[in-house]
Amino acid sequence: MNHKQINTAVLVVGQGLAGTCLSYQLHKKNIDFLVLDNSHYRSSSLVAAGLINPVVFKRLTKSWMADDLMPYLDAFYQEMEGLLNCSFYEKKYLLRILKSAEEINTWQEKKGNGFENYLGNISSKKNFQIPLKKESNLGRVNACSVDISILLNSWRDYISNREKLITEKLGYSQINFTDNGVEIQINDKKIVARKIIFCEGAAGAKNPLFSWLPFNLSKGDILTLKNNDYLSKDILNNGNFYLPTNDGVIKMGSTYNWNDLSYEKDEEGKKTLLEKAQKTLSGKTELINHQVGIRPTVKDRRPFLGRHPKHNNAYIFNGLGTKGAMLAPYFSEQMMEFIVNGKKLSNEVDILRFG
């Protein structure tokens, strides 16, 4: 059999959010790359709501590195929209239901103390077109959302049209490390790359090259609901999030399950979310869809970036967890600079932190 040899500088394995952002960074720098993806690696990214919230409500603190991440992702996603001629990024208010006088007081104190870019005024529900069952105090957060499905599918079309995408399934036994990089034999193709970067999401937990990294995968259920009275574009948070996508159509989530990591829908999780929605929203709320994703979460809640300790041409960019839409733009540039220019990674994300 004659094998078609395909040469590239960088082979990116996986076209979820991490692989998409990293390959875009390579594209911007005119670095020759290929993306290898058979759609499996995109599954959880496509389910994700794409909500970007710079605030942690539990103690009303800023999300990790929010002051660096938020300005960067704003420019990054708008730039990608321009290249791909599509719209997937939107700035929105996130409205947090404040349930006690203590929460209201804490909000007012933080609002003028380093949180000016993130926390807004407290308003009542009558100022927003959200059908809340109870009169509530709503704290406003400057947030945003990414329609990850549009982003990933648009980038997939872009690289496919430029013959930068290979839609084959990779078996780890097919990888042969050489002095100059890697060689991978897949069906009638022989891929020769100087460097290989694994951006596999939850599937990366089964990658034997990086099996020593402490993944802590979690399963999440997300519901798509219909409530014709929910006319606001604003996101609601009441412990769960309610993210409007179209008039009256809302994505709601999410559950966390660290024990059942199958892609089977969790009926108990669906029931719990529906009950919460019906307690929170007035009017008729219908279930349209129920989806499940496995998050590539990490025990210390920091991403995995770095080079394999033995194979100098093998790298990983993974572990973006629940805040992937917020982390991927900034750290994809850091990963690209490390791969291409040898620029040092931040200690907090370098896999060397695990020895």
For the chain, what is the accessible area per residue in Å² when the probe is 1.4 Å? 47
Treat the stretch 260-311 as a sphere of radius equal to its Kirkwood radius over Cα pairs and apply Stokes-Einstein at 25 °C in a medium of 0.890 mPa s; give the translational diffusion coefficient in µm²/s, rounded to a whole number. 166
Which of 230, 242, 263 ends up with the largest GNM mean-square fluctuation for the chain, with Cα atoms connected below 10 Å? 263
Taking 0.36 nm per residue of separation and subtracting the Cα-Cα distance, what length does fully extending residue 212 through residue 3 add? 71.8 nm
Counting alpha carbon pairs within less than 8 Å and at least 6 residues apart, what relative contact order, in whole percent, applies to the stretch 106-256? 15
Mind pulling up the Rg/Rh value for the stretch 102-253? Radius of gyration and Kirkwood radius, both on Cα. 1.14
For the chain, take the alpha-carbon Rg, divide it by the Kirkwood Rh, and send me Rg/Rh. 0.99
Could you list, in their original order, any pairs among 62/344; 62/226; 133/271; 164/251 whose Cα atoms are separated by more than 27 Å? 62/226; 164/251
Rounded to whole Hz and in sequence order, give me ³J(HN,Hα) for the stretch 284-289 from the Karplus expression 6.51 cos²θ - 1.76 cosθ + 1.60, θ = phi - 60°, writing x for Gly and Pro. 7, 10, 10, 8, 9, 8
Test item: Cα-centred dipole of the stretch 151-238, Lys/Arg +1 and Asp/Glu -1 on Cβ, debye: 120
Taking only Cα atoms of the stretch 63-154, radius of gyration then Dmax in Å: 16.1, 47
Fluctuation leader among 255, 61, 297 - the chain, Gaussian network, Cα springs under 10 angstrom: 61
Whole-Å semi-axes of the stretch 293-355's equivalent ellipsoid (Cα gyration tensor): 19, 14, 10
For n ≥ 4 DSSP H runs only, could you compute -39500 (n - 2.57) per run for the chain, divide by its residues and tell me the 222 nm figure to the nearest 500? -8500 deg cm²/dmol
With a 10 Å radius around each residue's Cβ, average the other Cβ atoms per peptide and rank 78-87, 201-210, highest first. 201-210, 78-87
For the chain, set up a GNM with springs between Cα atoms under 10 Å and report which of 108, 15, 25 has the largest fluctuation. 108
At 25 °C and 0.890 mPa s, the Stokes-Einstein diffusion coefficient in µm²/s for the stretch 203-355, with hydrodynamic radius from the Kirkwood sum on alpha carbon pairs, is 140
Once amide H atoms are built 1.01 Å from N in the peptide plane, which residues 5 or more positions from residue 55, or in another chain, come under 5 Å H to H? 63
Tell me which of 106, 132, 47 sits at the most positive position along the dipole axis of the stretch 32-143, charges placed on C-beta atoms (Lys, Arg +1; Asp, Glu -1). 132
Hey, what does the equivalent ellipsoid look like for the stretch 1-123, semi-axes from the Cα gyration tensor as sqrt of 5 times each eigenvalue, largest first, whole Å? 41, 15, 13
Run the accessible area of the chain with a 1.4 Å probe and give the carbon-and-sulfur part as a rounded percent. 44
Starting from the amide H of residue 216, placed 1.01 Å from N in the peptide plane, find each other amide H under 5 Å away whose residue is 5 or more places distant or on another chain. 297, 298, 299
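The values are calculated or read from the model by the stated rules, or taken from the named source; none is laboratory data. Since the model is a prediction, treat every value here as computed from it, not as a measurement. Please note: Cβ atoms are built from the backbone with ideal geometry, for glycine as well, and neighbour counts cover all protein chains shown. Surface accessibility is based on the protein's heavy atoms, side chains included, excluding ligands, DNA and RNA. Shrake-Rupley method; radii C 1.70, N 1.55, O 1.52, S 1.80 Å.
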